[in-house]
Amino acid sequence: MSVKSYGSRIDGASEMGVVADTIRDKLTAAFAPVELAVTDESWRHAGHAGAGDGSGETHFDVRVVSAAFTGLGRVARQRAVNEVLRVELAGPVHALSIKAAAPGE
Amino acid sequence: MTEVQTPADPVQAFISETVGANPVVLFMKGVPEQPRCGFSALVVQILDHMGVDFVGIDVLQDDDIRQGIKTYSDWPTVPQLYVKGEFIGGSDIVREMFQAGELKPLFAEQGLLPD
């Protein structure tokens with residue numbers, strides 16, 4: 001690609017947050033959530049097994065509220081989220097804390 | 001037709017036998033006395049708090065089990081809690097159920113709570 005896109009790389013956004021953005025994008029596309037919060041909790045886990053050197057994005061907290069979860073049990077909801085984030089869970093993401101709810105819960 | 005009830009894979013068979021033979025099983029990182037992951041520690045803490053006896057299987061001791069448990073319940077993470085052979089969930093679900101007051105009746109129905 002010859003499109004010059006480095007402008008967005010050198011502005012405020014650092015390398016940190018790439019994985020968080022991917023998680024946000026995928027969950028938005030899959031569930032059209034009415035509420036979505038993706039928090040990078042990696043700093044809490046720096047230094048323990050699986051956390052790497054503490055500089056990467058490895059631990060996330062996700063809260064997602066979507067009508068897609070209405071009528072689903074807890075296991076089914078989390079499976080749905082895990083499925084959407086399968087690639088991330090198999091790669092950079094070491095731990096994902098998920099709170100999936102339907103609107104009004 | 002695929003039959004998953006009696007797995008030929010020895011690791012799957014071990015997991016199946018373990019959750020079948022013990023009323024409460026927690027696949028975890030570390031041992032109950034010394035969990036090596038905050039998520040595992042949380043579930044141990046909740047079970048201890050409720051006074052539920054359980055068998056802890058340390059997946060860090062065996063990479064085959066560590067991988068095998070993920071496919072057993074099609075669940076990508078550890079810890080995993082099983083009650084009477086049934087997969088209940090990971091740490092998020094156990095915590096949510098505990099906070100919602102759903103865990104106690106689950107164990108009580110199975111006669112797994114102390115008097």
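Candidates B:Lys29, B:Lys104: the one that is buried (at least 17 other Cβ atoms within 10 Å of the Cβ) and of a type in the set (Lys, Arg) is B:Lys29. Of the numbered criteria (1) at pLDDT 95 or above; (2) loosely packed, with under 15 Cβ neighbours inside 10 Å, the one B:Ser16 fails is (2).
Consider the stretch B:82-115 and keep the residues that are touching a residue at least 12 places away in the same chain (Cβ under 8 Å) and part of a loop (DSSP other than H, G, I, E, B). The one that is nearest to the other protein chains (Cβ to nearest Cβ) is B:Gly90. Among the residues of the stretch B:67-78, the ones that are in a loop (DSSP other than H, G, I, E, B) and over 19 Å from A:Ala76 (Cβ atoms) come to 1 in all.
Taking the condition modelled with pLDDT of 95 or more and within 12 Å of chain B (Cβ to nearest Cβ), does A:Gly73 pass? Spelling it out, A:Gly73 is indeed modelled with pLDDT of 95 or more and within 12 Å of chain B (Cβ to nearest Cβ). Counting the residues of the stretch B:42-66 that are part of a loop (DSSP other than H, G, I, E, B) and surrounded by fewer than 19 Cβ atoms within 10 Å (Cβ to Cβ) gives 3. Checking each residue in the stretch A:86-99 for being modelled with pLDDT of 90 or more and at the interface with chain B (Cβ under 9 Å from one of its Cβ atoms) picks out A:Arg86, A:Ser97, A:Ile98, A:Lys99. Of the residues in the stretch A:76-89, at least one is more than 29 Å from A:Trp43 (Cβ to Cβ) and without any contact (Cβ under 8 Å) to a residue 24 or more places away in the chain. For the stretch B:10-41, filtering for residues that are within 13 Å of chain A (Cβ to nearest Cβ), of a type outside the set (Lys, Arg) and either over 13 Å from the mean Cα position of the chain (by Cα) or in a strand (DSSP E or B) (or both) leaves 4. The number of residues in the stretch A:68-105 that are surrounded by fewer than 19 Cβ atoms within 10 Å (Cβ to Cβ), assigned to a loop (DSSP other than H, G, I, E, B) and under 12 Å from the mean Cα position of the chain (by Cα) comes to 1. Name the residues in the stretch B:40-73 that are at pLDDT below 95 and closer than 26 Å to B:Gly111 by Cα, would you? B:Ser73, the sole residue that qualifies. Of the residues making up the stretch A:35-57, none is at pLDDT 95 or above, farther than 23 Å from B:Val94 by Cα and not in a helix (DSSP H, G or I).
The values are calculated or read from the model by the stated rules, or taken from the named source; none is laboratory data. Everything numeric here is computed off the predicted structure, so don't read it as measured data. Please note: Cβ atoms are built from the backbone with ideal geometry, for glycine as well, and neighbour counts cover all protein chains shown.
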